[in-house]
Structures are given as structure tokens and as C-alpha cells.
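Encoded as C-alpha cells, the structure appears first; notes follow it.
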Amino acid sequence: MTEFTQMGVADIRDGVAAGDFTAREVAESFNAQVAAAAELGAFIVTTPDKALDAADAVDAARARGEALGKMAGVPIGMKDLFATKGVQTTAASHILEGFIPPYESTVSANLWAAGAGMLGKLNMDQFAMGSSNETSHFGSVKSPWRKDGSNAALTPGGSSGGSSAAVAARLCPAATGTDTGGSIRQPAAITGITGIKPTYGRCSRWGVVAFASSLDQAGPMARSVKDCAIMLEAMAGFDPKDATSLDMEVPEWEAHLSADLSGKTIGIPREYRMDGTPQDILDSWERGKEWLKDAGAKIVDITLPHTKYALPAYYIIAPAEASSNLARYDGVRYGLRDLPEGAGLQDMYAATRAAGFGDEVKRRILIGTYVLSAGFYDAYYNQAQKIRTLVARDFEQAWSQCDLILAPTTPNSAFALDEMQGDPLAMYLNDVFAVPASLAGLPAMSVPGGLNSDGLPLGLQLIGKPFDEQGVLDAGLAIEQRSGFDAQPDKWWA
Amino acid sequence: MSYRIQGATGEWEVVIGLEVHAQVTSKAKLFSGASTAFGSEPNSNVSLVDAAMPGMLPVPNRECIRQAVRTGMAIEAEINKWSRFDRKNYFYADLPQGYQISQLYHPLVGEGQLLIEADEKAGIPEDKVIGIERIHVEQDAGKLMHDQHPTMSYVDLNRCGVALMEIVSRPDMRSPAEAGAYVRKLRSILRYVGSCDGNMEEGSMRADVNVSVRRIGDELGTRTETKNVNSVRFVMQVIEFEANRQVDLIENGGTVEQETRLFDPGTGTTRTMRSKEDAHDYRYFPDPDLLPLELEDSFLEECRASLPELPDAKRQRYENVLGLTPYNARELTAEVETFARFETLLAATASAIGKDEKAVATQVANWALSVAPGVMKSLGDEGDPAHATAEAQAKILKMQVDGEISGGQAKEIFELVLKTGRDPAEIAEAEGLKQVSDTGAIEAAIDDILAANADKVEQYRGGKDKLFGFFVGQTMKAMQGKANPQVVNQLLKQKLG
Amino acid sequence: MSVDKQTVAKIASLARIHMDDAELERMAPELSQILDWVEQLGEVDTSDVEPMTAVIPNTLRLRADEVNADAKTAGDRREDVLANAPAAEHGFFGVPKVIE
């Protein structure tokens, strides 16, 4: 019997199209895998029937000789930030527990239209705020990876930690993620998978629970560059319902994939070599350079002078936007309502939000409220938006010297669950390499760069010019072909 | 004569600024495709966007932007080609997003102005220009109902997300009369432009009334803001009440609190609004769901080209070109419906008579302002205004100008037109509502009268000119009122010679 | 600059999140630490820099004035709008009585 769960998007799609197996067989196989992996906590709800229905529809379409979609027969995991019609959508928060959207997000609708099926809703950091998946109301997600010789539970990263864990553990061939300040790339990196955040505006934000509107972007998480290219094609596209959506044709990234980087120049930003960056991270960065050189690229040193200010600027802008975006969770129209005896309207709001939001969400709402409050706007928010201009300008200037930028995705490998609890700032530093590209809206991807001495995956990040997902994917492919990364976690669960 | 509050310690001046919220005329809401229709079932004109469901996003309605730009042009304001939407954050049950999308930092329309005209009777001694600081576009909120349930308020989001223009005046007004005139004039401009229907009862126009008082020549005092006042009369009442309240308060050693107040139309008083007491920190910031709004020249040109003749220009034209009295010009231009009817009738009459509009304008104005409304009023329900077509009225006016009918007959004919919809000429003929211009019949009548009143003829010829009226009256009586008075005059003069 | 317990209480009230004393005590140093860290942005001279308005060159598109043209942003779906409400009554959302 074919081991469907070892197969990726392209193989499943092609096998279904060729009639080597049915979409139903694939869906059944993944459904079983998902059901047996409850211990990882990757899913908040599972939807095996949805996966089977979608598979049956694809099999029927094939039987009728109809053209099949880009993702036909591929069952995927859906991050719980995407509204799914008739299926509970919570953003991993108690405040939305039980919320059944009467609508489908544009991105998920695009995927279903392309023939994908839904295995379930994936766990995540609450409202996508976190880098370890410990802020979920539905419990932490455990990474399928463990340090060599240790049984300690590790983080799968965050906020798309259910997605990264599920893909790495072969519970699904691919999953959706969202990236506000690294939430696709960081979990992909530390679980040894591939994930791309496209240019801001490529994927519609309509129907995606908002965290920070000017930064949020959806993207695919899978186990190969090609799979990401296929899935991104299916997810992306102009949406008139999102005023920030890019009105551009979706390129045929898969068809144009090429690992030949002749004529390309790769920039190595000096400022990403920070004090205290572990040697294994630096080593993997060096290997990345060599692989790209081997693929024909020229390597140059570049400077992105405002890099150090990107993360603090992000921690003003994102919480500010979040404090406003999350004001709608008030117990009036949906979700949790906590109405203490005799409480008035405003008391109900305060009680509902106190009971419904987790600590990290509260922390960010408070920071955001503070930096926008009377008298502080210019010093914090406006200054941060000016820094953002400078960070974006750094990249623009770099593009006169190079076509792509190579950097580590994260400053460390997976850490233990609980290790950084109680030190929010240390947790925030996980996204130090990911945030600059977010602030500038640039396409950026993490691809596996090998294992460290503990046997844990490390990621390499490629950052491209606006709209140049192709360049990013091509360079990712060049690394993928040379790294020979085929490590996968031992199956210790179930 | 300036408006002053007479306090126990002397005279006080009132300083008034108005923030008028005018609902933009559009079919769909500002950021969603739900209808703006008034009076629908609760929560039926509500989209997922308006209900602020998770992940919903705003996309602005072009028509709302266009109407606000046209309104700005109508008050001679600067139009900002680059503007932005900001979020105004506060928690209230009528505001599902937890913020109102508005414009603080970069409004669509900048500095403009509006003229209020002198009106002695109303207490406005001379023309005055009122500054308008800005117009911005924003979302309306929903509605709360408090009297449906003992312990709950009910929320209806039908209005939520409807586009409003907030038109912010400078604190340039100094009396309730000026504020009243400002609101009326603004309403007139909005209705000319077609950007707001001006229906205050349905809430299409509401004013937040900012009032402060000061001793003559002092610095500005602390102001209060009375929210959502929905008639011109109420605006004036609020000012009257607030000004006196503030003067009393200060004179009794108190201080005016900067606060939001509510008007109670039943008592004509205002009171502190408790529910929004702590909402002063709105944490405005640019809405990250929306990019800056950049207007192209072609869009602005289209807006300008589509502007109609505005009230001030029209009134001047009526006076200077058509030769109407200032009173008539003002009355005819105050309301869109009035000038529209007038201009249609004027064109029809001029063309029926074959003269230019100027030659018949005064007659048509008198007809439109006093004769026709008088007849319609006296008829009440018996008349059908639909029969009062421009064509029918123009025919009546032509018959009158041609001397075929008298003024009295014109009214009678119009009455019958309103009742029956019959053709005026046919009515005149069939009902005998025509003047006799036949000199033979009139001459015969005059001859009889002169013969019967030989003594008076003598007196007249002896220099008692006043008797001419007597002969006219007798002749008209003999002709049963149907003789053409001009012909009667002419013949009498000849015969009395 | 650090925030004290009172400031946190004020912000929490503005953000409508009830917090008891223990939470305020715990939150104050955490927020202070984060705010002290973001203070470093003040080092950068931004006097000639415009704040970011659009991250990717793009213009704001406007929608045609059409009612219910796209079902996803249309009205006339009261049941959907009320379906998840904790207290929907007679077609309204119910909230604790408000005194204006």
C-alpha cells in the first residue's frame, strides 16, 4: 500500500489526476493519522467528513473527465484563524469558543475551489500572538521533534504551531499559516518544513481573524518548495472585498520554478549577525551561502542599518492595531459573554474580555492601548511608523545591490515548552530575523537548512523584492536540492 | 443689535459651533453592500461587515466619496486629494467594531464657508459668512432601544455603517437665529447638491451643538456639546437653554464642565449624558485596513462638472437677471422643489407666450409663490396636485397675459384644473370663464350706464375725476365681471372724453 | 519610562479588560519592561521621515454604489448576523440595559 502520509501536495495531486489512487484513499489515510495524533494537540477540531466529501467530489469530477483544480485531492489543515463556514473558528481563544461562522474566508474558499479538502482546524497561538503555541486556549501544541536523547516537549513555534507540527508529523501534506511577524517562517524553521509569506496583499485577508491588519498575510506551509508554490497559487488572488488586496494576476510559480541562480545576486545582511547568535545558526547560514553560490548566484555583503529597530517598532505597531482589531470581541454579537449579576454594559465588556482573552493577548492589547492613548501617539505609534519607513527604505536600497537576501529564520532552534514563560521579551526576540520583512511587506520564506548538534531543524530565510515570490521560491529550491534535508521526527506519539 | 444673555452680573455673549452629521445619499453603506433604506425590519440591512464579524474588512463606496467632494466644492472648500481614514476607538453597543471609521488627521474636505443672509425679522441684521473648518466622511452607528424590555436594551444595526458627512463649522455663530439660519442654509446646499436628503425627522441630518458663553471681549469659555439634535427649532432651543444655564452656573460661582449633553425635546432642556463619560481618549490612528484615499484630477473634474447652480448664485440670478424682488428670489430658491417647479413653469410660460423668461418672470413668480399655493390650500383634499402640470399652469398664465381671462378667472380655472384635470382653455370656453373684450357689448353697457347717470357724468366732466372708478364699477357689474378691464377703461375714457 | 499599577489600571479600563489587583501587580513590571525596550526607537532621528502609510505601493480602490451585489458583503441576512449572538431577541441583539 502506498504511504500516502509521506506524500506531499504535488505527488498526491498528480497521483489522483493519473488515477494511481483515489482522493478518498488519501483522505482516509490522513484522517486516520490525524485521529491518532491527538497527543500533539495540533488540531482544535477535526473534520474528517469534510476531507472525505472534498475527496469524493474530486474523484467524481475525475470520473466525469472534468479538469481538476490545482489542489485536487489534497487534504490540508486549516489554521483556526481562517473563518470556515459551519465549522467552529476560534483563533484559539476562549472568547470565540463556539463561534460558527456563516461565511468562508476567501483564502480557504480558494483552496476548496481548487479541490483541497479540510482535515480540521489547526491549533495556534491565541489570535496569532505568540512564537511558541503556548498561548492557545486549547492547550499548547507539542512539536513532533525532540532533542536527541531527551523526552522533553518542545515548541513547534508560533503562531502557526499547529500547522508546523501537523505538517512535520505527516498529519497533513500541507497547511495554511498566517504570518504577521514571522508566524509562518519561525514555526516552519524549527520544525524542519517550508513556509512562505507572500508579498503583502497577495492573499486576501477577508475572513481571516485580524491580528495586525497592515502586517497579516496568509501563506502555505508544506514539506517542499514546489508544494508551497502550488498551494500559494491556489490561495492567492485579487479580492475586491479586501481594500489592500493586490490587483494582479497570480503568476504560475510552480511552472516557472528553477534552481538555476545564474545571474542572481544574493545579499548577506551584516546586521543579522547579532551578538549572542548561536554558532549552529551561523554555521547553517554559511552552508546556505555555499549552496546558493553552487547554484550559480553571486554573494555580496549588504547593510540593512535599521534592523535593530525593526522588532521594537513591530511591538508598537502590531499591538496598536491589535488593540483596535480585538475591540469587537465584546460579548454582544458572538462568542463569549460574561455578565456578572447586576452588571451594566461596560461591566459586561470588561468581564467578558477578562474571561475570554489569554494573558499574552491582554498584554498586547494593553501595550497597544497605551501607545495609542492621548499624548503618546507621536512618541510611540507615529515614531514606529517612521522607523517602518526606514526599515523598508533599507531594503529598497539593498535591491540596488542584490536580488534576494539570505538570513537565518530564527536566532535559535526549538526551545522547550515553558522555557520562556514569564519572560515575554525573550519570547519576542524569536522573531528578530523575521520581523523586518514583515514590516516591509516583502515575500519571505523559510526552508530547512539542516539539523543542529541536538538533532533539531534550523531554517534559512530568503527575502525577496515586492512581488518576486518566484525569486524566493527559486532560491529556496536551490537550497532544498543541495541540503538533502530529509530528516523527520521519530513517531513517539500514538 | 447683538444677541446677549442678560445675567445678574452683566451681559454675556454666546459662542456657537455646529458639527452637522448629514447622511450621504447613497444606495449602499459606506463600507459594505447593505442597503441604506430607512424603516426596514431590525438588523435586516446589516452585512457581516457591518456586524463586525471576525475577519470582515471595509471597502469604501465611491458614491459616498463623490458626494462629499461635491459638497465640499459647493461650500467653496479645499478638496484634499490625499486623505485617510482613521479609527476612533470606543466601546458602545451601537458600535460593533469597537471603533468608528472616521477621518481625524487628514479629512477629505478642508476649509470652506457658507453665507447666511440678513433677516431683520429673525434677528440677523446683516449678511454673515460662517467658516467651515472641514468635512469628513465617517460611519454612522447603530441604534439602541431602551423601552422594549425591563432589563435589556435592544441593538439594531441597520443604520450602522451608513455614510455620514460630518460638517464642522468654526465657532462663528453668536445667536440661536444665526445657528438656525446656518442649519437651514446648509440643508439647502446639501439638497441642491443632492448629497443629503436633509430629512431631519428621519435623522438624515443631526447637529452636535457646541455652546459656550463669555463676557464681552473675554477669551472663549468652556463649551458643552449637545449631541444629536434633529431640528432647526431644537438647535435654537439648545443654545437658548445652554447659554442661560451656563451663565447661571458661572454667576453662581460654578464652572462649566466640558461634557457631552443630551437634549430633551419634551422639556426643552439638556442634561449630562452618562453613558459616554469616560470616552474621551479615542486613540485615533490610521485604519490599517484601508490605504490612503488618493483622488485623481479626472474624478474631481467630474465632481465639479456635475454641480448644479447653487442657492446663492441662483438667488442673485433671479434678482439681477430675472428682475425678481429680493423677497421672491429668496423664497423661490430656499427649497429644491420650489425652484424646480418655478423654473419648469417659467420655461413653459415663456414658450407658450413667446416671450423671453425675463419678461414673464415676475408674473410667474407671483403665481408660483402666492396665487397657485393659495388656490391649492383653499381646495385642500378636493384638488389633486398631480393635475397642476407646468403645461396647464402656463396655459392659464398665457390666457391671462393675452387678456382672455381675468386674474379671478385664472384662479377659478386653476381650481377646476386641480379638481378635474381638464384642459384650461376648454374650461374657460365651456364654463364661460372668459373676459368680454367685444367692444360692441361693452359699449352698449356703457351707453346705458351713462344715460342712467347723467348727473354723475356732468360732475365728472366738471372735474370730479374720482367718479371714473364709479363708472368702471358699474360697467363691470353690468358685464357680470367678465369684461376686460383694460377695454372698459379705454372705452369709458373715450365716451366721457 | 515605566508604568505603575495605577497606569495599568487606567489602560485596562480603557481597553475594557477587568483586572484584579494581583493581575495589575503582575502586569505592571511586564509592561514596563516591554515599554522600556521599545523606548530605544527614540534614538533614531526621524524628523525628515514620513510615517509608513502603505507597505506595498497600491492605491485604495473604491466600490460601486450597489446594494447586495456580492452576497458576502450584502445585507438581508438577519439570521446569519444573529446566529451566534449570546442574547438575540425579536431580531435584536440584547445587552444589559443602558441609561443614556
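The values are calculated or read from the model by the stated rules, or taken from the named source; none is laboratory data. Here the structure is a predicted model, which is why all the values come from computation and not from measurement. Please note: Cβ atoms are built from the backbone with ideal geometry, for glycine as well, and neighbour counts cover all protein chains shown.
Applying the condition of being in contact with a strand residue (DSSP E or B) (Cβ under 6 Å, 6 or more places away or on another chain) and assigned to a loop (DSSP other than H, G, I, E, B) to region B:1-25 and asking which residue is surrounded by the fewest Cβ atoms within 10 Å (Cβ to Cβ) yields B:Arg4. Against the numbered list (1) crowded, with 24+ Cβ neighbours inside 10 Å; (2) over 21 Å from A:Gln6 (Cα atoms), A:Ser446 comes up short only at (2). Taken together, B:Glu201, B:Glu138, B:Glu219 contain a single residue that is surrounded by fewer than 20 Cβ atoms within 10 Å (Cβ to Cβ), assigned by TED's automatic domain parsing to the domain that holds B:Asn45, of a type outside the set (Ser, Thr, Tyr) and within 30 Å of B:Arg66 (Cα to Cα), which is B:Glu201.
Within region A:121-158, the set of residues being in contact with a Ser or Thr (Cβ under 9 Å, 6 or more places away or on another chain) and free of Cβ contacts under 8 Å to residues at least 40 places away in the same chain comprises A:Gly158 only.
Just a yes or no: is a residue in region A:105-114 assigned to a loop (DSSP other than H, G, I, E, B), touching a residue at least 24 places away in the same chain (Cβ under 8 Å) and either among the aromatic types (Phe, Trp, Tyr) or within 14 Å of chain C (Cβ to nearest Cβ) (or both)? Among the residues of region A:105-114, at least one is assigned to a loop (DSSP other than H, G, I, E, B), touching a residue at least 24 places away in the same chain (Cβ under 8 Å) and either among the aromatic types (Phe, Trp, Tyr) or within 14 Å of chain C (Cβ to nearest Cβ) (or both), which makes the answer yes.
Residue by residue through region B:96-130, note down the ones that are buried (at least 23 other Cβ atoms within 10 Å of the Cβ) and among the aliphatic types (A, V, I, L, M). Of everything in region B:96-130, those that are buried (at least 23 other Cβ atoms within 10 Å of the Cβ) and among the aliphatic types (A, V, I, L, M) turn out to be B:Leu108, B:Val109, B:Leu114, B:Ile116, B:Ile130. Restricting B:Met236, B:Met200, B:Met165 to residues that are modelled with pLDDT under 95 and either farther than 29 Å from B:Pro96 by Cβ or among the aliphatic types (A, V, I, L, M) (or both) narrows the list to B:Met200. Using the structure shown, decide if B:Asp127 is among the charged types (D, E, K, R) and away from chain A (no Cβ under 14 Å). So B:Asp127 passes the test. Scanning region A:67-93 for residues that are outside any loop (DSSP other than H, G, I, E, B) and buried (at least 21 other Cβ atoms within 10 Å of the Cβ) yields A:Pro75, A:Ile76, A:Gly77, A:Met78, A:Lys79, A:Phe82, A:Thr84.
Based on this model, can you work out whether A:Thr244 counts as surrounded by 24 or more Cβ atoms within 10 Å (Cβ to Cβ), within 14 Å of chain B (Cβ to nearest Cβ), among the hydroxyl-bearing types (Ser, Thr, Tyr) and out of contact with any Pro (no Cβ under 7 Å at 6 or more places or on another chain)? Considered against the rule, which asks whether it is surrounded by 24 or more Cβ atoms within 10 Å (Cβ to Cβ), within 14 Å of chain B (Cβ to nearest Cβ), among the hydroxyl-bearing types (Ser, Thr, Tyr) and out of contact with any Pro (no Cβ under 7 Å at 6 or more places or on another chain), A:Thr244 comes out as yes. Here A:Leu442 meets the list (1) in contact with an Asp or Glu (Cβ under 9 Å, 6 or more places away or on another chain); (2) closer than 30 Å to A:Lys226 by Cβ; (3) more than 10 Å from chain C (Cβ to nearest Cβ) almost entirely, failing just condition (3).
None of B:Leu467, B:Leu433, B:Leu450 is at pLDDT below 85 and of a type in the set (A, V, I, L, M) except B:Leu433. Tell me yes or no: at least one residue of region B:63-79 is under 13 Å from B:Val162 (Cα atoms), at the interface with another protein chain (Cβ under 7 Å from one of its Cβ atoms) and not acidic (Asp, Glu). The answer is yes, given that some residue of region B:63-79 is under 13 Å from B:Val162 (Cα atoms), at the interface with another protein chain (Cβ under 7 Å from one of its Cβ atoms) and not acidic (Asp, Glu).
Filtered by the rule that a residue be in a loop (DSSP other than H, G, I, E, B) and touching an Asp or Glu at 6+ places or on another chain (Cβ under 6 Å), region A:208-246 gives A:Ala212, A:Ser213, A:Phe238, A:Ser245.
Within region B:64-77, identify whether any single residue is on the phi < 0 side of the Ramachandran plot, in a loop (DSSP other than H, G, I, E, B) and in contact with a Gly (Cβ under 9 Å, 6 or more places away or on another chain), and answer yes or no. Yes, region B:64-77 contains at least one residue that is on the phi < 0 side of the Ramachandran plot, in a loop (DSSP other than H, G, I, E, B) and in contact with a Gly (Cβ under 9 Å, 6 or more places away or on another chain). Looking only at region A:426-436, decide whether some residue is of a type outside the set (A, V, I, L, M) and facing another protein chain (nearest Cβ under 7 Å). No, every residue in region A:426-436 fails to be of a type outside the set (A, V, I, L, M) and facing another protein chain (nearest Cβ under 7 Å). Against the list (1) among the β-branched types (Val, Ile, Thr); (2) touching a residue at least 40 places away in the same chain (Cβ under 8 Å); (3) in contact with a Gly (Cβ under 9 Å, 6 or more places away or on another chain), the condition B:Val417 fails is (2).
Among the residues of region A:127-182, the ones that are surrounded by 24 or more Cβ atoms within 10 Å (Cβ to Cβ) and at positive phi come to 6 in all. When residues in region B:342-392 are screened for being at positive phi and outside any helix (DSSP H, G or I), 1 of them pass.
Could you please give the count of residues in region B:138-159 that are in contact (Cβ under 8 Å) with a residue 60 or more places away in the chain, part of a strand (DSSP E or B) and facing chain C (nearest Cβ under 8 Å)? Selection size over region B:138-159: 4. You will find that of B:Ile65, B:Ile79, the residue that is surrounded by fewer than 22 Cβ atoms within 10 Å (Cβ to Cβ), farther than 24 Å from A:Gly344 by Cα and in the same structural domain as B:Asn158 (by TED's automatic domain parsing) is B:Ile79 and no other.
Taking strands (runs of 3 or more DSSP E) as the structural unit, those lying wholly within region A:373-473 and holding at least 2 residues that are closer than 24 Å to A:Pro144 by Cα and of a type in the set (A, V, I, L, M, F, W, C) correspond to A:444-451, A:457-464.
Inside region A:332-362, residues that are crowded, with 20+ Cβ neighbours inside 10 Å, of a type in the set (Gly, Ala, Ser) and touching a residue at least 60 places away in the same chain (Cβ under 8 Å) make up a count of 3. The set of residues in region C:41-72 that are among the aliphatic types (A, V, I, L, M) and at the interface with another protein chain (Cβ under 7 Å from one of its Cβ atoms) comprises C:Leu41, C:Val44, C:Val49, C:Met52, C:Ala54, C:Val55, C:Ile56, C:Leu60, C:Leu62, C:Ala64, C:Val67, C:Ala69.
With respect to (1) surrounded by fewer than 20 Cβ atoms within 10 Å (Cβ to Cβ); (2) part of a loop (DSSP other than H, G, I, E, B); (3) of a type in the set (A, V, I, L, M, F, W, C), the lone exception for B:Leu324 is condition (1).
C:Gly75 meets the conditions (1) of a type in the set (Gly, Ala, Ser); (2) within 11 Å of chain B (Cβ to nearest Cβ); (3) in contact with a Leu (Cβ under 8 Å, 6 or more places away or on another chain) in every case but one. The failed one is (3). With the requirement that a residue be of a type in the set (S, T, N, Q) and not in a loop (DSSP other than H, G, I, E, B), what does region B:204-263 give you? Listed by number, the residues that qualify are B:Asn210, B:Ser212, B:Thr224, B:Thr226, B:Asn228, B:Gln237, B:Asn244, B:Gln246, B:Thr260. Among the residues of region C:49-78, just one is closer than 30 Å to A:Glu396 by Cα and small (Gly, Ala, Ser), namely C:Ala54.
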